[in-house]
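The values are calculated or read from the model by the stated rules, or taken from the named source; none is laboratory data. This is a predicted model, so every value here is computed, not measured. Cβ placement follows ideal geometry from the backbone for every residue including glycine, while neighbour counts extend to all protein chains displayed.
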Amino acid sequence: MNLIKYFLKFFDVFFHRHNSLKKTNDDNKGQGPNHESFSGNSITPIKADNKDENHYEGNNNPTNNVNKTNKHTIHANRPYTVQVIPFLKSELDLDYNGRYIVNYSISDSRVMEFPVIRAPKKGCEIKLPVRGRCGKRGVCEQKLCEEIEKLNLLGFYDNLSLFVTDRCFRYEPDLAYIDAKKGIFIDIEIDEPYSGLERKPIHYTIGDYTVDDKRNDDFTERGWTVIRFSETQVYKQPQSCLKYVYKLLHDMDTSIKMPHNLAAVCDIRMCPMWDKDCAERMASERKRETLLGINRFIEQSEERKLDVIFDYSHGREIENNILKHKEQQGKQQSSGIYCTRLSQVKDDASLHRAPSDTGCQHSVEAEKQKEIQNISTQSEPKTTPSSRGYA
């Protein structure tokens with residue numbers, strides 16, 4: 001009897017474990033391989049490019065464990081909730097009664113590729129940002145901020161705004177690097193080919209220009225350097241992007257050194273810019289969603305409180321000085337156009353003058369006087385604030 005009871009107990013335990021395992025497998029099958037709830041608050045992409053898993057030369061690099069970026073995962077076929085809160089905890093401390101000047105001189109990038117650099121003139125007074133931001137944050141902004149915090153890098157901010165008088169809104173940098181004592185203010189932008197929610201082309205080229213040129217000029221006129229990375233660069237090579245920033249910082253001020261945990265990172269790969277047709281094609285093919293491993297972008301459903309932000313008093317003085325400078329440039333351009341056209345009229349008159357024909361000479365003189373009169377009564381020509389600018 002004891003032997004029979006032993007076998008009955010054995011089979012009871014066996015079948016109970018079998019049914020439990022089957023139920024667990026069925027539940028997991030229904031939820032899919034990534035069944036954790038996803039809030040969009042922790043992102044690092046799925047492995048989109050195996051050769052980018054390790055960004056360093058050699059396999060025995062002692063910093064490999066520090067520099068791996070695929071710790072977390074955006075779950076494939078899940079929506080990404082667009083964030084509006086700051087990712088970085090750093091607080092900005094500026095003297096809004098002080099005066100900051102650009103003390104470095106670097107050159108703009110020349111090719112139509114990312115990263116893009118636009119630099120201010122040395123000696124330019126710097127317009128300070130104010131704390132607060134209302135705009136949505138991109139997917140890769142969050143990723144880059146997570147890298148900054150993981151590597152314990154200082155001087156980066158993602159909750160700032162810059163007021164510009166001749167615009168109907170303030171600018172909100174994706175990220176900013178600021179070293180006020182050295183006079184270094186950098187706007188770091190992450191450019192996507194199309195907006196995730198509206199699916200409209202953005203950050204595209206028009207011939208030798210881009211739709212961001214006016215914005216770039218507004219920053220450089222106020223003493224800021226602008227660096228533009230593509231979303232793909234930040235997604236695949238976030239630490240290489242940060243290394244590029246520090247290389248530029250060293251060019252601005254040689255006392256700024258490369259952080260040791262970025263020194264072994266490979267250099268960033270250049271990325272070509274896109275025109276409007278290319279951006280529309282990428283939107284129709286859902287290139288961003290494929291890259292990021294998500295199926296769509298969604299907005300947060302709850303209402304958010306918008307920051308009430310005002311410009312500082314000395315900042316308004318800087319804006320007035322910029323406007324006066326533009327007015328003087330406009331007058332100089334108008335005067336230059338007048339002198340150029342007047343010279344052309346004189347040259348044309350001398351070419352058509354016939355010394356032996358007095359009547360013809362009088363006719364040419366009359367035409368010349370009429371042309372000069374027309375020039376002097378014309379309104380000033382339309383000018384743009386920027387040689388590269390598109391509004």
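The residues of the stretch 100-124 that are among the basic types (Lys, Arg) and at pLDDT 95 or above, listed by number, are Arg118, Lys121, Lys122.
Here's the yes/no breakdown for (1) modelled with pLDDT under 95; (2) assigned to a helix (DSSP H, G or I); (3) assigned by TED's automatic domain parsing to the domain that holds Pro193:
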| residue | (1), (2), (3) |
| --- | --- |
| Cys278 | no, yes, yes |
| Ala283 | no, yes, yes |
| Arg288 | no, yes, yes |
| Leu291 | no, yes, yes |
| Glu302 | yes, no, yes |
| Lys305 | yes, no, yes |
| Leu323 | yes, yes, no |
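The C-beta contact set for the stretch 241-259 (first residue on the phi < 0 side of the Ramachandran plot, second residue among the β-branched types (Val, Ile, Thr) and part of a helix (DSSP H, G or I), distance under 6 angstrom, 6+ apart or interchain) comprises Cys241/Val234. You will find that of Tyr96, Tyr177, the residue that is more than 24 Å from Glu299 (Cβ to Cβ), assigned to a strand (DSSP E or B) and hydroxyl-bearing (Ser, Thr, Tyr) is Tyr177 and no other. Scanning the stretch 330-337 turns up one or more residues that are of a type in the set (D, E, K, R), at pLDDT 65 or above and surrounded by fewer than 14 Cβ atoms within 10 Å (Cβ to Cβ). Checked against the criterion of being hydroxyl-bearing (Ser, Thr, Tyr) and closer than 23 Å to Ile309 by Cβ, the stretch 175-186 contains one or more residues that satisfy it.
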